Amino acid sequence: MKPIEFALYDVEATGLSHHHDQILQFAGLKVDQDLNIIPGSELVIDVKPRADVVPGPKAFAIHGISIESLLKNGVTEWEAAGRIREWFMGSSVPSMMMGFNSQGYDDEMVRNAFYRTMIDPYEHEWRNGNTRGDAMRLIMLAFALRPETLRWPINPATGRYTLKLGDLCAENGIKLEYAHDARFDVMATLDLLRLVKKNSPKLFDYFLSLSDKTVASDLVLQRKPLAVINSFFPREQGHLSIMLPVIMDSVQNKTKMWSIDLREDPTELLSLSPSEINRRMFTSINDLGDGEGITSIRAIALNKQPLVCALNIFNQRQDVLQRAGLDIERCLKHAAMIEADPGFRERLQEGMKSVFPPCEDVYEGIYSLGMFGRDEQNLRSSLRRPVQTEGLDGLQPKIISTDPHQLATLNARDRLRAFDLSLRAKWANHAEQVIALDKYTPEELSEWVKHLENAWFKENPPKNARNYAMYQAELLEVRASTALTPDQERAVKEMEAFVEQNLAMIESLKELSAELQNKAASPEAGRTEIGMIESDRKNRESRHNVTGLDYQP
């Protein structure tokens, strides 16, 4: 179904980790099918930094966002996530949400923000016929197949093509006053879309059709050679190759199709056993022998708008084939070799089975801890329900007066996930109200303090997370290697001041927690729930569940 409108958006954040960083600025704008701005559709939100996020000095040196302004004028992640969801879901017509490199970054940042704030992480992407697109993927499609669509910038330092938003805008006469400001990035993305649509309307429409998973599936599931555009192919070759879809990842995963790059002779690959395929694919390249690495096996993700085309896209486009270094006849010969081996499909599927360690932190569990069931999501959603809270005027989110220990007992599927996420959402967004109104137990304050200390000082933080020592090292690197503008210098200094204030706040909470723990024993009410949570935590620390339903706090 073709989208009736487009929800263009961009985010700026504390860093690059989808799980451990957070959105600081969100800007969105809706346009109709003809890319005309829909009046009143703009949304701009500034977001207060959370106490459990260690900010990235490199990020602040790039976007130059003022933390003082965020603290003064911003809203909590809790409120921002609710407003963003309403914006995505606010239209009754099918809408395609799209940014520049949004599938690789912005979509993930939004999805994880929803996950942390008790919102369904996926509903906005499909409800009402909604779909996802990515303007950068459109640019890659044009770059690979119809290079006459735009002027392509070259990085003077490397002599290579660059597909960065700012460089593309400058090369094509599009005004981008403040790169890495979400509002200006959205407008620049819109201008690029208009230019591609004007110069290559058929390509633009084909790109939109690929957001329908059935369109891509109809091509891929035929298991015939296809033109595939993906960033893992060299840019000098247009990010383009010819691939043969071979077999789905597994019976459980219906969205990932393992495929073979037909530029490479498959003779050696066809000789490998499943265990050898597995070893070569999932062993670090540094631990493999010379020539053992496998580069021809790639996945086509059917649910991520894969850029796939039938080979007739090359008709009368010898220039495209030459730039990509593609010999169609040679590629078809390699495809015939693969098809002539009837056991290869089974060997490939068996060889690509992988077991990953459990996630180290609940924030990383959006995928590995499994989908939320209906009852579980209903329980999460109930915490966002406005209720009358004693001591506060007006209606406030139910989570403020919720005991996470008691809440966890209502979740039969995953008590530990329910506890950790609700505890962190409560304190990361509503700590002042919670303390002022005494809406907490000594046990939950103690758990929140433990989390803060882990977030800031854990010696070996989870992958892609940043602790205080790493923050300090990154800060030194930024100051030594980057000539900061006055605005960037101000942003970095404000970030430093925020960090020091935040660490002082954590010390105050530690003192308060210790004081409460030293008082008389807690009432018996709730002790059973606390014991259950501690038991779950110990069980997870002592076992490894290969299905991915565990994490190690």
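The values are calculated or read from the model by the stated rules, or taken from the named source; none is laboratory data. All figures in this text were calculated on a predicted structure; none of them were measured in a lab. All Cβ positions, even for glycine, are placed from backbone atoms using ideal geometry, and neighbour counts span all protein chains on display. Accessible surface is based on the protein model in full, side chains and every heavy atom, while ligands, DNA and RNA are left aside. Shrake-Rupley method; radii C 1.70, N 1.55, O 1.52, S 1.80 Å.
Some values worked out for this structure:
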| quantity | calculated |
| --- | --- |
| Cβ pairs under 8 Å, 6+ apart, first in segment 466-487 and open to solvent by 80 Å² or more (accessible area, probe 1.4 Å), second modelled with pLDDT of 90 or more and not hydroxyl-bearing (Ser, Thr, Tyr) | Met470/Val54; Met470/Pro461; Glu477/Pro57; Glu477/Lys58; Arg479/Val492; Asp487/Gly64 |
| Residues of segment 441-480 that turn out to be basic (Lys, Arg), within 23 Å of the chain's Cα centre (by Cα) and under 19 Å from Ile62 (Cα atoms), as a count | 1 |
| Scope segment 336-362; condition out of contact with any Phe, Trp or Tyr (no Cβ under 8 Å at 6 or more places or on another chain) and assigned to a helix (DSSP H, G or I); matching residues | Ala336, Met337, Glu339, Phe344, Arg345, Glu346, Arg347, Glu350, Gly351 |
| Members of segment 405-452 that are over 28 Å from Gly370 (Cβ atoms), open to solvent by 50 Å² or more (accessible area, probe 1.4 Å) and either touching a residue at least 24 places away in the same chain (Cβ under 8 Å) or assigned to a helix (DSSP H, G or I) (or both) | Glu432, Gln433, Ile435, Ala436, Lys439 |
| Residue satisfying all of: in segment 4-49; touching a residue at least 40 places away in the same chain (Cβ under 8 Å) and among the charged types (D, E, K, R); nearest to Glu77 (Cα to Cα) among these | Asp21 |
| Verdict on Glu524 being among the charged types (D, E, K, R), at pLDDT below 95 and assigned to a helix (DSSP H, G or I) | no |
| Residues being under 25 Å from the mean Cα position of the chain (by Cα) and in a loop (DSSP other than H, G, I, E, B) - total across segment 257-282 | 0 |
| Hits in segment 60-82 - residues which are of a type in the set (A, V, I, L, M), modelled with pLDDT of 95 or more, assigned to a helix (DSSP H, G or I) and open to solvent by 20 Å² or more (accessible area, probe 1.4 Å) | Leu71 |
| Meets criteria (modelled with pLDDT of 95 or more, in contact with a strand residue (DSSP E or B) (Cβ under 9 Å, 6 or more places away or on another chain) and open to solvent by 40 Å² or more (accessible area, probe 1.4 Å)) for Leu307 | no |
| Residue check for Pro39: in contact with a Ser or Thr (Cβ under 8 Å, 6 or more places away or on another chain) and assigned to a loop (DSSP other than H, G, I, E, B) | no |
| Residue match in segment 337-349 (condition: over 26 Å from Arg137 (Cα atoms) and of a type in the set (Val, Ile, Thr)) | yes |
| Test for Phe314: is it open to solvent by 40 Å² or more (accessible area, probe 1.4 Å) and not β-branched (Val, Ile, Thr) | no |
| Any hit, segment 278-292, residues being aliphatic (A, V, I, L, M) and within 12 Å of Ile338 (Cα to Cα) | no |
| Boolean, Leu163 is among the aliphatic types (A, V, I, L, M) and in contact with a Lys or Arg (Cβ under 8 Å, 6 or more places away or on another chain) | yes |
| Residue within segment 369-384 that is more than 25 Å from Ala216 (Cβ to Cβ), touching a residue at least 60 places away in the same chain (Cβ under 8 Å), in a helix (DSSP H, G or I) and open to solvent by 40 Å² or more (accessible area, probe 1.4 Å) present | yes |
| Check on Asp249, of a type in the set (Asp, Glu), under 30 Å from Asp106 (Cβ atoms) and at pLDDT 95 or above | no |
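Table: residues versus (1) buried (at least 18 other Cβ atoms within 10 Å of the Cβ); (2) more than 14 Å from the chain's Cα centre (by Cα); (3) not in a loop (DSSP other than H, G, I, E, B).
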{"residue": "Glu12", "(1), (2), (3)": "yes, no, yes"}
{"residue": "Gly15", "(1), (2), (3)": "yes, no, no"}
{"residue": "Asp21", "(1), (2), (3)": "yes, no, no"}
{"residue": "Leu29", "(1), (2), (3)": "yes, yes, yes"}
{"residue": "Arg50", "(1), (2), (3)": "yes, yes, no"}
